[in-house]
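One structure is given here, and the rest of the page talks about it.
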Amino acid sequence: MNLQSMTGFARAATDHDGTAIAWEVKSVNGKSAEVRLRLPPGFDRLEPSVRQAIQKRFSRGNFQAALTISRMTSTQPQPVVNEAFLKDLAGLAQRLQEQFATTPATADGLLALRGVLEIPELIETDEERAALDSAIEVTLGKALAGLEQARRTEGEALRALLSGHLDAIEALTLRAEADPSREPAAIRERLAEQVRLLLDASAGLDEARLHQEAAFLATKADIREEIDRLKTHVASGRSLLAAGGSIGRKLDFLAQEFNRESNTLCSKSNAASVTAIGLELKAVVDQFREQVQNLE
């Protein structure tokens, strides 16, 4: 099953009976499917169906969808200036300039104010409006299909990248497991040396109790459980990547588990070589988690 990134962009356009229709849609990372729309005046009726179309197709991401409508027929309505309103605004601007020394109003600035310049709607029959809405819906479907393909393409690239991170985590885990400092002989030598140093420092210490405490501390410092859990998490990550689908949240949780085990491995380590491996492991886990944030 395919993976999807949460980032992508697509555009689709068509002509319908003298009207140019164009959709631009893009998405970025998000915790859920959040949609922001930019529709031309008079097309707010489409908002519920557009939101539903996006949220039905995608489960996560912040989406922006913009519709552009251009009439190309000779019957395109001409802009109409509300002259009475414009005159009132110009008078108000003049008074403000005289009383408060404000910047003089400009013609283009006044015309840009809402209600001054109006473009009357074409008178459409119910059948014409339904046909136009249907063409807009079809074009939106093409744009969303393009966005989905873009997200899938990036998702497959992320699959390869995350798989490489899992390989690196596994390799570091095996290095920690095989580190010479974890050999029984090396552990016994470190314990014996620590006991000798303590006995030399104070002749009154109980040698048997000291050996017992040293053995207990060595047991607490063992990283066997962390290594086993890291191996299990690697297997889980590979299984999720193979299954595909909307696995972003699951992999994010797995990244947290990787981070927890690598932190514990570093804190338990009693050898510089294992600590170095743990620090390298933490760096790879951070890279893994950063990339996981981009997955749906």
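Quick note: the coordinates plus some simple rules give every number you see, no bench work behind them. All values reported here derive from a predicted model rather than from experimental measurement. So basically every Cβ, Gly included, is an ideal-geometry build from the backbone, and we count neighbours across all protein chains shown.
Given the pairs Lys231/Lys282; Lys31/Lys268; Lys56/Lys250; Lys31/Lys250, which span a C-alpha to C-alpha distance of over 23 angstrom in this model?
Numbers: Lys231/Lys282 15 Å; Lys31/Lys268 35 Å; Lys56/Lys250 21 Å; Lys31/Lys250 13 Å.
With Cα atoms farther than 23 Å apart: Lys31/Lys268.
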Original post:
Can you sort His165, His16 by how many other beta carbons sit within 10 Å, fewest first?
Top reply: His16, His165
